[in-house]
1. Order of 26-38, 82-94, 220-232 by packing, highest average Cβ count within 10 Å first?
2. Taking other Cβ within 10 Å of each residue's Cβ, how do 392, 441 sort, fewest first?
3. For the stretch 267-386, calculate the relative contact order in percent as a whole number, restricting contacts to Cα pairs under 8 Å that are 6 or more residues apart.
4. On each of the three principal axes of the Cα atoms of the stretch 27-453, give max minus min coordinate, whole Å, ordered largest first.
5. Given Cα positions, please report Rg to Rh for the stretch 320-374, the hydrodynamic radius being the Kirkwood one.
6. Could you put 258, 165, 125 in order, starting from the residue whose Cβ has the fewest other Cβ atoms within 10 Å?
7. Taking Cα centroids, how far is the stretch 310-368 from the stretch 57-84 in Å?
8. So what does the Cα-only Debye profile of the stretch 347-441 read at q = 0.15 Å⁻¹, as log10 I(q)/I(0), no solvent term?
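Bear in mind that the values in this text are calculations on the coordinates, not laboratory data. Being a predicted model, the structure only gives us computed values, none of them experimental. Positions of Cβ are generated from backbone atoms using ideal geometry, with glycine treated the same way; all protein chains shown enter the neighbour counts.
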């Protein structure tokens, strides 16, 4: 760790933003998630989510942090939208908190919760920013978890009803909907490994939840298509190369299984109507006749989240692999993630070729442990260097033929990084959680200049 206000990758003289060879219509934006920023966890009729209860269990979230207040975006959204406008963001990808609009997950809607997203969407539009609405970013209503959550097949229709509410309420102003953000993380970590809410570690539960998430995606796409016919629909997939931690053959096998669980268990059935063969036997008890047709509804765009390669080692447990930390023989972010822009470029190309859809980078970013320096700012040179490398890799992917139409940085704000709590900071805006003061970091100005550099210039 460097001195206060810097991170471990800080470098003198940050790279100057360059003009990238990207389509003229390319969109620049930022992404966030409801539970990570909104706060107001018990206000205006919001029901509890699985993360509210999970975070109160000892040891689940670092430092005992919770999303009760988070960034207080529920009350400070206008200030945050003003920051987006100052940045030059053209798109804001956010999620709706399912338990804020449907406290029981189904049945009676909460008008006060719906009103909040009306205000947010209208504020974005007033500031010339496109709202991209994601239905699910992991905060399942606890009332539905009490009924089995993603292990209950009925949830596919509950989710479709929720999608119908969103389409009817916001479809007149929202032109881009995503069904799920990173279904691999919420199912594998939540049901297979026990790291995330609801904290279950069971292979059967993981595969059951995964299949029901896929069904819910298909039902939601069909519903949105009917009720918001002008909208462009997609889903957001976290994809990164899975590497063996050693040269041992058993680690290579483990990496292949992780790849099936991480990269192919969702996008393949949703886009190609097929499950990875490595997992077919475990899934067969849950797949009913007609399910694949229900899942594989046509979508309009492919959301790609990418940060770094991930690593696997052999394990005798039911999953067939264990998660391994990144080797330390190469550059790492401030939170220990491998910096590998070539892996990003290759994943962008591979995703476009495999799924044959326009790609939007819906998350990419750099985490570190940061504090304010003596001048009251954050000189996050490591993040700037990372963004320069990764946006250059994006340009290379486009030059190789990948149809990429946007890049949405994770994240606008420092926020609750799930199990890592508030100590891991991914924002280009520093949040002082004691006062809720927002302090744009050096990377904010760099990213704003990068966006400006891409804009067409008038010639006299």
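1. Working: 26-38: 24.5, 82-94: 20.5, 220-232: 17.7.
Those peptides, ordered most packed to least, come out 26-38, 82-94, 220-232.
2. Details: 392 15, 441 24.
Going from sparsest to densest Cβ surroundings: 392, 441.
3. Value for the stretch 267-386: 25 percent.
4. Between the extreme Cα coordinates on each principal axis of the stretch 27-453 lie 58, 54, 47 Å.
5. Rg/Rh for the stretch 320-374 comes to 1.09.
6. Going from sparsest to densest Cβ surroundings: 125, 165, 258.
7. What the calculation gives is 26 Å, centre to centre.
8. Debye curve over Cα of the stretch 347-441, log10 I(q)/I(0) at q = 0.15 Å⁻¹: -0.67.
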